[in-house]
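Undergrad: My structure is below; once you've seen it, I'll send some questions.
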């Protein structure tokens, strides 16, 4: 399949004609509105807080903290750039493990008694940087994403899983070498983990964060609860049981940290795992003889379709818990990355896209818009926009202007071009040399034991010794 590069679509008309040619429907504004009157510049009131514009920075990990979970100079540089971005909603900064065995890699941040002052300083650095650039920070809203990596935990060795699972998955166990006899977490162990999340939230509040994100996405533990249809006991089987973890988390945190706000980043739909086809290395769904695929939250049973019934029920749970802020994403970077972060160039452990990545962007925009239409009282942050490249602002403005999402989340784009949001809001011409082209080096690096960053476009990373190691790893692919 030949996919036309977005960078080759030089005009708005060319972009729109290409969408039409590939059968993709996407909101698009030909003319941008800059200044305070523009849709993306409008503030949004969330409870007692006013958030200054409609751009959000999504959680971006660097696999570059210290072995004991503290920020390093690499982390501090990234958070400074979040501060210069101009975005007023900082969604979590990056995933932070609530305890050591929950890290996705041995250099992930951890929130503990010892690291809490470091995280407070990290947040203060972001705020101070933002104030120096924009003159104020009272309209910033900053959260910390709390996580346990569950099935995908690698807390002690970058190349070795140390998984904690809720159930045995008929495909993922074999793919990631999980022993069929490996124990699953017991209900008692889950209750202990909930207590650790509560303590972590208390510490986040002490560090000055406005909210915590109780992460339910991308195949990590919170997301796995939603798919635990075969699990017995209090935390599996029925929808009520599969959302018990969230409800007990919120109850515990509300008691221990009154006044702390909540958000939830949710994989609102999922597909069956994909793998490279033998002939073309193009992604294809794994073949399964087990009948309907039951482990995709938000899936329709086919493995490649969407049913938003349970995601809407999940949003109803958020409403009963008085949680209004939800960030919509999809799938998992470990087993179907093309639906989670559309890209033309796959990471080293990935596969070539089975569709034009613009179809993946449109799918996430559509799902977010549908959830917003059905549960309009919640506040939605959309994801998956980076692949739009030069045309990101035009789609972002149309999405917000028409009420299909409340915020546009920026992920990979912030690594090379953190000031994109500020440039859009000011009506400045975008710097094409810094626009993310989704080369996926920010993922290929960590997959090969290196830190994450934008090696192709950010001179800082291009001048590191890791750049040569990354080039060698890519050449060997």
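The values are calculated or read from the model by the stated rules, or taken from the named source; none is laboratory data. Fair warning: this is a prediction, and the values are worked out from it, not measured in the lab. Cβ sites come from the backbone with ideal geometry, for glycine too, and all protein chains shown count toward neighbours.
Undergrad: With 461, 455 as the choices, which residue is free of Cβ contacts under 8 Å to residues at least 60 places away in the same chain, buried (at least 20 other Cβ atoms within 10 Å of the Cβ) and farther than 22 Å from residue 67 by Cα? Step through it out loud before you land on a result.
TA: Working: 461 fails: farther than 22 Å from residue 67 by Cα.
None of the other options fit; the residue is 455.
Undergrad: Quick one: which of 59, 43, 71, 27 is farther than 30 Å from residue 109 by Cα and surrounded by 15 or more Cβ atoms within 10 Å (Cβ to Cβ)? Give the steps one after another, and end with the answer.
TA: Values: 59 fails: farther than 30 Å from residue 109 by Cα; 43 fails: surrounded by 15 or more Cβ atoms within 10 Å (Cβ to Cβ); 71 fails: farther than 30 Å from residue 109 by Cα.
After ruling out the rest, the residue left standing is 27.
Undergrad: Every residue in the stretch 219-238 that is in contact with a strand residue (DSSP E or B) (Cβ under 9 Å, 6 or more places away or on another chain) and on the phi > 0 side of the Ramachandran plot, please.
TA: The one that is in contact with a strand residue (DSSP E or B) (Cβ under 9 Å, 6 or more places away or on another chain) and on the phi > 0 side of the Ramachandran plot: 219.
Every residue, every condition in (1) over 23 Å from the mean Cα position of the chain (by Cα); (2) at pLDDT 95 or above; (3) crowded, with 21+ Cβ neighbours inside 10 Å, yes or no:
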site	(1), (2), (3)
158	no, no, no
162	no, yes, no
174	yes, yes, no
212	no, yes, yes
220	no, yes, yes
226	no, yes, yes
242	no, yes, yes
245	no, yes, yes
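Undergrad: Can you find a residue in the stretch 172-191 that is assigned to a helix (DSSP H, G or I) and under 17 Å from residue 147 (Cβ atoms)? Write out each step before concluding.
TA: Pass one, the stretch 172-191, residues assigned to a helix (DSSP H, G or I): 172-175, 187-191.
Checking which are under 17 Å from residue 147 (Cβ atoms) leaves us with 189-190.
Yes - at least one qualifying residue is present in the stretch 172-191.
Undergrad: Mind checking whether some residue in the stretch 139-151 is farther than 23 Å from residue 253 by Cα, modelled with pLDDT of 95 or more and assigned to a loop (DSSP other than H, G, I, E, B)? Reasoning before the result, please.
TA: Step one: filter the stretch 139-151 for residues farther than 23 Å from residue 253 by Cα, giving 139, 151.
Filter once more, keeping what is modelled with pLDDT of 95 or more: 139, 151.
In the following step, the residues that additionally are assigned to a loop (DSSP other than H, G, I, E, B) were identified as 139.
Scanning the stretch 139-151 turns up at least one residue that is farther than 23 Å from residue 253 by Cα, modelled with pLDDT of 95 or more and assigned to a loop (DSSP other than H, G, I, E, B).
Undergrad: Mind telling me which of the residues 44, 19 ends up being outside the structural domain of residue 401 (by TED's automatic domain parsing) and at pLDDT 95 or above?
TA: Working: 44 fails: outside the structural domain of residue 401 (by TED's automatic domain parsing).
One residue alone meets the criteria, 19.
Undergrad: So, one more: Can you list the strands (runs of 3 or more DSSP E) found entirely within the stretch 1-115 that contain at least 1 residues being under 26 Å from residue 152 (Cβ atoms) and in contact with a helix residue (DSSP H, G or I) (Cβ under 8 Å, 6 or more places away or on another chain)? Walk me through how you get there before you give the answer.
TA: On the way: elements: 44-46, 49-51, 55-57, 95-97.
Where strands (runs of 3 or more DSSP E) fall fully within the stretch 1-115 and carry at least 1 residues being under 26 Å from residue 152 (Cβ atoms) and in contact with a helix residue (DSSP H, G or I) (Cβ under 8 Å, 6 or more places away or on another chain), they are 55-57, 95-97.
Conditions tested, residue by residue: (1) crowded, with 24+ Cβ neighbours inside 10 Å; (2) at pLDDT 95 or above.
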residue	(1), (2)
379	no, yes
390	no, yes
398	no, yes
419	no, yes
436	yes, yes
447	no, no
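Undergrad: Can you tell me how many residues in the stretch 20-56 are in contact (Cβ under 8 Å) with a residue 12 or more places away in the chain and within 16 Å of residue 393 (Cβ to Cβ)?
TA: Going through the stretch 20-56 one residue at a time, the tally reaches 18.
Yes/no matrix, rows are residues, columns are (1) closer than 27 Å to residue 300 by Cα; (2) outside the structural domain of residue 95 (by TED's automatic domain parsing); (3) without any contact (Cβ under 8 Å) to a residue 40 or more places away in the chain:
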site: 142; (1), (2), (3): no, no, no
site: 149; (1), (2), (3): yes, no, no
site: 159; (1), (2), (3): no, no, no
site: 173; (1), (2), (3): yes, no, yes
site: 179; (1), (2), (3): no, no, yes
site: 193; (1), (2), (3): no, no, no
site: 212; (1), (2), (3): no, no, no
site: 227; (1), (2), (3): yes, no, no
site: 235; (1), (2), (3): yes, no, no
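Undergrad: Which is more than 30 Å from residue 237 (Cβ to Cβ) and touching a strand residue (DSSP E or B) at 6+ places or on another chain (Cβ under 6 Å), of 342, 354? Spell out the reasoning first.
TA: Details: 342 fails: touching a strand residue (DSSP E or B) at 6+ places or on another chain (Cβ under 6 Å).
354 is the lone residue from the list that is more than 30 Å from residue 237 (Cβ to Cβ) and touching a strand residue (DSSP E or B) at 6+ places or on another chain (Cβ under 6 Å).
Undergrad: Search the stretch 279-291 for residues being farther than 16 Å from residue 175 by Cα and touching a strand residue (DSSP E or B) at 6+ places or on another chain (Cβ under 9 Å), and hand back the single one that is surrounded by the most Cβ atoms within 10 Å (Cβ to Cβ).
TA: 282
Undergrad: Yes or no: the stretch 1-20 includes at least one residue that is under 29 Å from residue 206 (Cβ atoms) and touching a strand residue (DSSP E or B) at 6+ places or on another chain (Cβ under 8 Å). Spell out the reasoning first.
TA: First, pick out the residues of the stretch 1-20 that are under 29 Å from residue 206 (Cβ atoms): none.
No: the stretch 1-20 contains no residue that is under 29 Å from residue 206 (Cβ atoms) and touching a strand residue (DSSP E or B) at 6+ places or on another chain (Cβ under 8 Å).
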